[in-house]
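S.K.: Before anything else, here's the structure in question.
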Amino acid sequence: MDFTFSEEQLMIQQAARDFSQTELLPGVIERDDQQKFPTEQVKKMAELGFMGMMVNPKYGGSGLDTLSYVLVMEELSKIDASASVIVSVNNSLVCWGLETFGTEEQKEKYLTRLASGEVIGAFCLSEPEAGSDATSQKTTAIDKGDHYVLNGTKNWITNGNAAEIYLVIAQTDVEKGHKGINALIVEKGMEGFEIGPKENKLGIRGSDTHSLNFNDVKVPKENRVGEDGFGFKFAMKTLAGGRIGIAAQALGIAAGAYELSLKYAKERKAFGTEIANHQAIAFKLADMHTKIQAARHLVYKAACDKDKGENYDLSGAMAKLHASEVAMETTVEAVQIHGGNGFVKDYHVERMMRDAKITQIYEGTSEIQKIVISRSILKN
Ligand code: CAA
């Protein structure tokens, strides 16, 4: 496949690269250490148009394609995966779903603010007892005529506290199974909506992950996205695109760790020469580079499929599966190449190793991607 970038795509990639160096790199170690949300950086990313990249400009977005989006995700993730997951959730899981399935009123009321980055959003599917098994929703949205009454708990919600607008998946009719699930727009501040404590995480510590409690929250009917019972399909279709964003994040983490390792190996000396001259290190770099290039092709291919209007369930799942495995392998090797320095925070690669792990878990674990991939290839 030939990935020839347009002038515009190259400019956006460069803008994200520059932004990452000047705005994300300073303070990234402290934000990780203190679990500090990058509020100022998110504001600046909004100014650059990164919060609603693929949204039509008439709703406040940048009107760009998915390939531009993954180029930006890759660059941000090379430096700060906490910042990039905030971008990914807002773009792929919140803005895309609202633009594709929302009513005109919902788009005007919510999407415009989300796409411009005036506020950020969260996508609330996972529950204490429903992570991978997403059809087993315990959160209920009982139909009361002109509104729903929402009760339940959501877990591990990215942007949990920082968000203003939440897409909440809940069961309206248990008898109908996954066909009785709805997606509702919930606003921060609605009575009965409480934000639980912040999670203390292994990685992406600058991002904001909380549980959420809904106690008799009255949600107007006009806040339902799509037809009655469309909520599970809404979640699946939304996640299919989300997985491309996370695949790009994983790719960026891997590429960032590789770039640091390459530089380090050319500078650090041992046994009278730069360590890159030792085959043990040179072969590690060769493996890292090869795996990253393969991951890059899968990620760009999935983005191009989406841009061409082709089905991207399979290519997105393959991209996420492979890129996240590569992110994990590459970051472990990056720490090894850095030796004792790799184990301390100043050299960044230990953080990248911790950040890489979540890419094998969220928006569908590697095992879930294998379910999606195997079902897709076996049905043909
Ligand atoms: N597009 C459209 N419809 C889809 C679909 C897709 N990609 N995938 C499934 N569906 C539909 C199916 O067609 C089926 O509908 P019908 O009965 O009408 O045919 C329905 O959804 C149920 O599908 P399955 O029978 O395949 O359901 P399943 O119970 O076997 O589960 C699964 C399928 C793929 C395993 C799914 O449960 C899944 O993706 N689980 C993982 C959930 C996940 O990714 N969670 C991440 C949380 S979000 C997060 O991490 C965000 C964050 O903050 C970063």
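S.K.: Return only the number of the condition from (1) more than 23 Å from Ala240 (Cβ to Cβ); (2) crowded, with 19+ Cβ neighbours inside 10 Å; (3) hydrophobic (A, V, I, L, M, F, W, C) that Leu48 does not satisfy.
M.R.: (2)
Quick grid of which residues meet (1) touching a Lys or Arg at 6+ places or on another chain (Cβ under 6 Å); (2) open to solvent by less than 70 Å² (accessible area, probe 1.4 Å); (3) away from the ligand (no atom under 16 Å from the Cβ); (4) under 17 Å from Leu285 (Cα atoms):
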position: Ala323; (1), (2), (3), (4): no, yes, no, yes
position: Gly339; (1), (2), (3), (4): no, yes, yes, yes
position: Gln369; (1), (2), (3), (4): yes, yes, no, no
position: Ile373; (1), (2), (3), (4): no, yes, no, no
position: Ile377; (1), (2), (3), (4): no, no, no, no
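S.K.: Report the residue count in segment 103-143 for those that are within 26 Å of His178 (Cα to Cα) and either within 16 Å of the ligand (Cβ to nearest atom) or part of a loop (DSSP other than H, G, I, E, B) (or both).
M.R.: 20
S.K.: Identify, from the list Gly241, Gly256, the residue that is touching a residue at least 24 places away in the same chain (Cβ under 8 Å), within 15 Å of the ligand (Cβ to nearest atom), in a helix (DSSP H, G or I) and within 23 Å of Thr66 (Cβ to Cβ).
M.R.: Numbers: Gly256 fails: within 15 Å of the ligand (Cβ to nearest atom).
None of the other options fit; the residue is Gly241.
S.K.: Moving on. Could you look through segment 1-37, keep only residues that are more than 18 Å from Gly49 (Cβ to Cβ) and among the acidic types (Asp, Glu), and pick out the one that is surrounded by the most Cβ atoms within 10 Å (Cβ to Cβ)?
M.R.: Asp32
S.K.: If the Cβ limit is 9 Å and pairs must be 6+ apart or interchain, which residue in segment 301-323 that is farther than 19 Å from Ala235 by Cβ pairs with which residue that is acidic (Asp, Glu)?
M.R.: What qualifies is Ala303/Asp65; Cys304/Asp65; Cys304/Glu310; Asp307/Asp65; Ser315/Asp305.
S.K.: Scan segment 108-139 residue by residue and report those that are buried (at least 22 other Cβ atoms within 10 Å of the Cβ) and either within 21 Å of Gly49 (Cα to Cα) or touching a helix residue (DSSP H, G or I) at 6+ places or on another chain (Cβ under 6 Å) (or both).
M.R.: Correct list: Tyr110, Leu111, Leu114, Ala115, Gly117, Ile120, Gly121, Ala122, Phe123, Leu125.
The values are calculated or read from the model by the stated rules, or taken from the named source; none is laboratory data. Given the structure is predicted, the values throughout are model-derived calculations rather than measurements. We place every Cβ from the backbone using ideal geometry, glycine too, and count neighbours over all the protein chains shown. Accessible surface areas use protein heavy atoms only, side chains included; no ligands, DNA or RNA. Shrake-Rupley method; radii C 1.70, N 1.55, O 1.52, S 1.80 Å.
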